[in-house]
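Have a look at the structure below, then the notes.
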Amino acid sequence: MKINNFGSSGVNPYKRQMDKLNQVEKAAGKKADKVEISNKAKEMQQVSQFAAERQAKVEELRIQIENGNYKINPKEIAKSIVNFYFKK
C-alpha cells in the first residue's frame, strides 16, 4: 500500500482552496462604497428663505383653523385632484 502526500499538506486537501477563498474575501472587504454629495445637494439641505416662508404660511393656516376662520374652496380642491390624476 502506498500513501501519497503524507505530512502536513496531506492532512487537509481543501486547505489551499479555503485559503484562496479567504484571500478573495479579504481583498473584496477592503473595497468600500463611497457616496459623494454634490454642492447643489448640500445647498438644498440647508435651511433657506423658502423654509421660513413656508413655516410662516403653515403657522397662519394653523391659527385660522383654530379660530374657525379657515374657508375651503371645494371647486379649487376638485380641480386640483382632477389635474393631479389626469396630468399627462
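The numbers here are math on the coordinates, done by the rules we state, and not lab data. Keep in mind that this is a model prediction, so the values were computed, not measured. With ideal geometry, Cβ positions are generated from the backbone for all residues, glycine too; neighbour counts draw on all protein chains shown.
The stretch 37-83: which trypsin sites (Lys or Arg not before Pro) are DSSP loop and have at most 14 other beta-carbon atoms within 10 angstrom? Don't jump to the answer; show the numbers that get you there.
On the way: sites: K40, K42, R54, K57, R62, K71, K75, K79; in loops: K71.
Of the trypsin sites (Lys or Arg not before Pro), the ones in loops of the stretch 37-83 whose Cβ has at most 14 other Cβ atoms within 10 Å are K71.
What lysines could a cross-link reach from K26, if we take a straight Cα to Cα line under 26 Å and drop same-chain neighbours fewer than 8 places away?
Reachable lysines: K15, K34.
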